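Engineer: I'd like to ask you about the structure that follows.
The values are calculated or read from the model by the stated rules, or taken from the named source; none is laboratory data. This one's a predicted model, so the numbers in the text were calculated from it and none came from an experiment. Here the Cβ is made from the backbone with ideal geometry for all residues, glycine too, and neighbour counts use every protein chain on show. Note: areas computed on protein heavy atoms with side chains; ligands, DNA, RNA excluded. Shrake-Rupley method; radii C 1.70, N 1.55, O 1.52, S 1.80 Å.
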Amino acid sequence: MSVVLSELSDRILTVTLNRPEKLNALNAEVVEELRRVFHEAKANPEVGGLILTGAGEKAFVAGADISGFPALTPVAARDFARKGQAVLDLLESMGKPSIAAVNGFALGGGCELAMACSMRVASKTARFGQPEVALGLIPGYGGTQRLPRLVGKGRALELILTGDPVSADEALRIGLVNRVVEPAELLPACRAIAAKILGKAPLAVRYALEAVHHGLEMPFDEAEVHEAALFGLCVATDDMKEGVAAFLEKRPAKFSGH
Ligand code: COA
């Protein structure tokens, strides 16, 4: 059985990290499989969006696989971090919405993977944390950058410096997750959000993702120029004409993705 399962249904690719006996820890094989799955998802026009989750009741992903750490050299550790960062960057910048369905522990690389998604929905049983300092390490899959951008510098540093995990409700309070739901509602809730997004104009969704993702890294005025260019590009699409006509004619829009 593969360490990463993927299933396409109604244009939503559900990607399941599948090493439940090791709480879905990220080893080299899992990271490479994720790279392959994300690369194919980006290229496949049948995939409109992704949901990421973990196999089993207990964990989304309990972090990078610690069993490989004793053998790491500094050079290998840098390559390990750069590869993981590249895979998460690919997910974040693929132009398709992604939702982390966090069903349990999201620690270390698991929290970082969830943060690379467009949004996060947590089951009540989920726990989030960046425990690397307890191992003499720091987050290496973008956590030092994405966490402060999501929750602010002070809260990010509290999580990163103490290593303490937080509950799903606390994660909601600090803005690390978008919603908290009962465990049985987790995947249905994520599918409902994904379906809602997939009902909108696909190019507008793509450009909105791009405007937010790239714009946040630009000076404000340049980000506004970038936003305006993408706004203008939307006007060139068939779907903008259809969306506006449907509103004016008081009927549902039928988007073509062009
Ligand atoms: N890497 C490798 N193996 C891991 C792992 C990780 N990050 N997290 C859990 N596992 C393994 C455990 O070693 C154990 O394997 P075993 O049954 O062969 O001994 C199995 O998964 C179950 O974990 P266990 O620790 O027995 O479960 P628990 O309920 O007692 O504790 C956690 C759950 C998440 C609190 C605990 O596993 C933990 O602290 N994991 C490490 C988290 C971490 O530091 N992540 C960041 C890494 S940079």
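Engineer: Restricting attention to the stretch 13-48, which residues are in contact (Cβ under 8 Å) with a residue 40 or more places away in the chain, away from the ligand (no atom under 11 Å from the Cβ), touching a Lys or Arg at 6+ places or on another chain (Cβ under 9 Å) and not in a helix (DSSP H, G or I)?
Structural biologist: T14, V47, G48, listed by residue number.
Engineer: Does the stretch 93-122 hold any residues that are in a strand (DSSP E or B) and over 20 Å from G49 (Cβ atoms), and which are they?
Structural biologist: Initial filter on the stretch 93-122 (in a strand (DSSP E or B)): 98-102, 105-107, 119-122.
Once the filter is applied, which keeps residues that are in a strand (DSSP E or B) and over 20 Å from G49 (Cβ atoms), the stretch 93-122 yields F105, L107.
Engineer: Which of the residues belonging to the stretch 1-52 are open to solvent by less than 20 Å² (accessible area, probe 1.4 Å) and over 18 Å from A114 (Cα atoms)?
Structural biologist: The answer is V47, G48.
Engineer: Kindly indicate the residue of the stretch 135-182 that is over 24 Å from I51 (Cβ atoms) and among the small types (G, A, S) and also surrounded by the most Cβ atoms within 10 Å (Cβ to Cβ) among those meeting that condition.
Structural biologist: Among those residues, the one meeting the criterion is A156.
Engineer: May I pose another question? Which of the residues that make up the stretch 206-224 are surrounded by 12 or more Cβ atoms within 10 Å (Cβ to Cβ) and either farther than 25 Å from L91 by Cβ or in the same structural domain as G49 (by TED's automatic domain parsing) (or both)?
Structural biologist: Listed by number, the list holds a single entry, E224.
Engineer: Tell me, yes or no, whether the stretch 153-161 has at least one residue that is at pLDDT 95 or above, in contact with a strand residue (DSSP E or B) (Cβ under 7 Å, 6 or more places away or on another chain) and within 13 Å of the ligand (Cβ to nearest atom). Reasoning before the result, please.
Structural biologist: Quick first cut of the stretch 153-161, residues at pLDDT 95 or above only: 153-161.
Narrowing the set further to residues that are in contact with a strand residue (DSSP E or B) (Cβ under 7 Å, 6 or more places away or on another chain) leaves 159.
Subsequent filtering for residues that are within 13 Å of the ligand (Cβ to nearest atom) retains 159.
Yes: the stretch 153-161 contains one or more residues that are at pLDDT 95 or above, in contact with a strand residue (DSSP E or B) (Cβ under 7 Å, 6 or more places away or on another chain) and within 13 Å of the ligand (Cβ to nearest atom).
Engineer: Moving on. Just checking, how many residues over the stretch 49-60 are in a strand (DSSP E or B) and farther than 11 Å from A100 by Cα?
Structural biologist: Looking only at the stretch 49-60, we keep the residues that are in a strand (DSSP E or B), and these are 49-54, 59-60.
Pick out the ones that are also farther than 11 Å from A100 by Cα and you get 49, 59.
Selection size over the stretch 49-60: 2.
Engineer: Please count how many residues of the stretch 57-80 are open to solvent by 20 Å² or more (accessible area, probe 1.4 Å), touching a residue at least 24 places away in the same chain (Cβ under 8 Å) and more than 10 Å from the ligand (Cβ to nearest atom).
Structural biologist: Of the residues in the stretch 57-80, 3 are open to solvent by 20 Å² or more (accessible area, probe 1.4 Å), touching a residue at least 24 places away in the same chain (Cβ under 8 Å) and more than 10 Å from the ligand (Cβ to nearest atom).
Engineer: Considering A134, A122, A168, A116, which residue is closer than 13 Å to A101 by Cα and free of Cβ contacts under 8 Å to residues at least 40 places away in the same chain? Steps first, answer last, please.
Structural biologist: On the way: A134 fails: closer than 13 Å to A101 by Cα; A122 fails: free of Cβ contacts under 8 Å to residues at least 40 places away in the same chain; A168 fails: free of Cβ contacts under 8 Å to residues at least 40 places away in the same chain.
Testing whether each residue is closer than 13 Å to A101 by Cα and free of Cβ contacts under 8 Å to residues at least 40 places away in the same chain leaves just A116.
Engineer: Please go through (1) within 10 Å of the ligand (Cβ to nearest atom); (2) under 14 Å from the mean Cα position of the chain (by Cα) for S93 and return the number of the only condition it doesn't satisfy.
Structural biologist: If we test S93 against (1) within 10 Å of the ligand (Cβ to nearest atom); (2) under 14 Å from the mean Cα position of the chain (by Cα), just (1) comes out false.
Engineer: Which residue out of E185, E132 is assigned by TED's automatic domain parsing to the domain that holds S9, within 13 Å of the ligand (Cβ to nearest atom), part of a helix (DSSP H, G or I) and surrounded by 15 or more Cβ atoms within 10 Å (Cβ to Cβ)? Quick ask: steps written out before the conclusion?
Structural biologist: Working: E185 fails: within 13 Å of the ligand (Cβ to nearest atom).
Matching residue, one of E185, E132: E132.
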